[in-house]
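First the structure, in the form of structure tokens, and then the observations on it.
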Number of protein chains: 2
Amino acid sequence: MKHHPIVPRERILDTALRLFHAQGYNATGINQIISEAGVAKASLYLHFKSKEELGIEYLNARHDLWFTQLRLFTDAEKKPRKKILAAFDFLTHINENENFRGCSFLNLLSEIQPDNFVLLASIQTHKQELRQFFADILEDQKNDISDIVYMLFESAITESQLFKSQWPVEKAQQAVSDLFKLKYIK
Amino acid sequence: MKHHPIVPRERILDTALRLFHAQGYNATGINQIISEAGVAKASLYLHFKSKEELGIEYLNARHDLWFTQLRLFTDAEKKPRKKILAAFDFLTHINENENFRGCSFLNLLSEIQPDNFVLLASIQTHKQELRQFFADILEDQKNDISDIVYMLFESAITESQLFKSQWPVEKAQQAVSDLFKLKYIK
DNA sequence: AATTAAACATACAGATCAGTCTATTTACGG
DNA sequence: CCGTAAATAGACTGATCTGTATGTTTAATT
């Protein structure tokens, strides 16, 4: 268990990333994290002052990872229409890779208490950025179809998680495609 | 604390309904439920064999309550178009009444483990019924716009919970309204 | 080689969790 | 009025939780 390739802090964060997403935040204990990360408990509290701080760092890391992967799909396209449709292909991809576990942020939203403004703000910021991502691609000024795209996109994630199936992604993607035809979006 | 108006079993279920929805399933302990229900612990385990069984009954009760309230809005309308739009008014209503706590079923979905097929099935059945509810109103045979409505409806609930705002309901309702105009749905 | 800090193992505290058990009291139907 | 079942209070088990404290070992730098 000695001579790990990466430093303890990253091992903790990587493990937390995996476990929080796979099992949920409350269902994942500190002891399981340090055990699977191969790290002492004191080391965890050396790098993170509490479980909640680890939760915040988890969201930050997940945010970066998620958007990086998303852009791998969308940057490959030039036309706005194709960029958006590629975003839905990305959903199909993570559903396969992560066994329909849905959105880390929305999952955590369901677990936090109404008075936890810190984590709520972090979740809201992530989703606001996604909203803006669609708005930027579609250069939304007059029409507000980017929020429709956003909402269908969000629904595709959640409903895939619920039904453990890709059909919501396909339906949403098709609906967006139809909408673009209608609005003459290239 | 004696001479309660309703029997212990209902007091437990009512309290669980309120607390599970407000705080989440895992965050709500048995002790809090019996305390607020004014019931002995042995009484709880007399009527429910475990917390999970209480969880199942919670979903059942919530299902009935939710659809009953929904139909209060939709049954008041005759035209399919107006029925659907009234369903979104219902969302605005529960957002106000329940402080943007979102959907009980999707919230629980985020908390359960992937191997919990019992609770997953219960959640899926509820949502399948909602899907069918829209399909029946729109008499979906050829076109499949009812699933688009369903997905926008779902998104409206979740995004309202996330942003603690009614804007997602309004946007989704407007989008559905536009879609109906386009497809000549009365 | 000595210093320093990071990482280690592990025990412990204090709280809370679901669930069981014992024993007593209440309420109701025959 | 008596017997039965429901409901009560509350102690208790054993597990788990987050977080702290103690002391040792490792590793890198000067």
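The values are calculated or read from the model by the stated rules, or taken from the named source; none is laboratory data. If you're wondering where the values come from, they're calculated on a predicted model, not measured in any experiment. Positions of Cβ are backbone-derived with ideal geometry, glycine not excepted, and every protein chain shown enters the neighbour counts. These accessible areas exclude ligands, DNA and RNA; they are computed on the full protein's heavy atoms, side chains included. Shrake-Rupley method; radii C 1.70, N 1.55, O 1.52, S 1.80 Å.
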message = Condition first: away from DNA strand C (no atom under 13 Å from the Cβ), assigned to a loop (DSSP other than H, G, I, E, B) and either at negative phi or not small (Gly, Ala, Ser) (or both). Can you find one or more residues in the range B:63-76 that meet it?
response = yes
ask   = In the range B:143-159, how many residues are more than 8 Å from chain A (Cβ to nearest Cβ) and either within 27 Å of B:Glu53 (Cα to Cα) or not in a helix (DSSP H, G or I) (or both)?
value = 2
inquiry  = Just to be sure before I move on: is A:Asp140 more than 14 Å from chain B (Cβ to nearest Cβ), within 20 Å of B:Lys171 (Cα to Cα) and either among the basic types (Lys, Arg) or surrounded by fewer than 20 Cβ atoms within 10 Å (Cβ to Cβ) (or both) in the structure I sent?
reply    = no
inquiry  = I want to confirm something. Restricting to the range B:71-101 and keeping residues that are touching a residue at least 60 places away in the same chain (Cβ under 8 Å) and within 18 Å of B:Lys127 (Cα to Cα), which single residue is most open to solvent (accessible area, probe 1.4 Å)?
reply    = B:Arg101
query = Out of all the residues in the range B:6-47, which are among the aliphatic types (A, V, I, L, M), within 30 Å of A:Leu109 (Cα to Cα) and away from DNA strand C (no atom under 11 Å from the Cβ)?
reply = B:Ile12, B:Leu13, B:Leu17, B:Ala22, B:Ala37
task = Would you check which residues across the range A:104-130 are among the β-branched types (Val, Ile, Thr) and either within 8 Å of chain B (Cβ to nearest Cβ) or outside any helix (DSSP H, G or I) (or both) and list them?
result = A:Ile112, A:Ile123
query = Can you pull out the residues in the range B:19-46 that are open to solvent by less than 60 Å² (accessible area, probe 1.4 Å) and assigned to a helix (DSSP H, G or I)?
reply = B:Leu19, B:Phe20, B:His21, B:Ala22, B:Gln23, B:Ile30, B:Gln32, B:Ile33, B:Ile34, B:Ala37, B:Ser43, B:Leu44
inquiry  = Taking the conditions exactly as written (more than 16 Å from DNA strand D (Cβ to nearest atom) and assigned to a loop (DSSP other than H, G, I, E, B)), does B:Lys49 satisfy them or not?
reply    = no
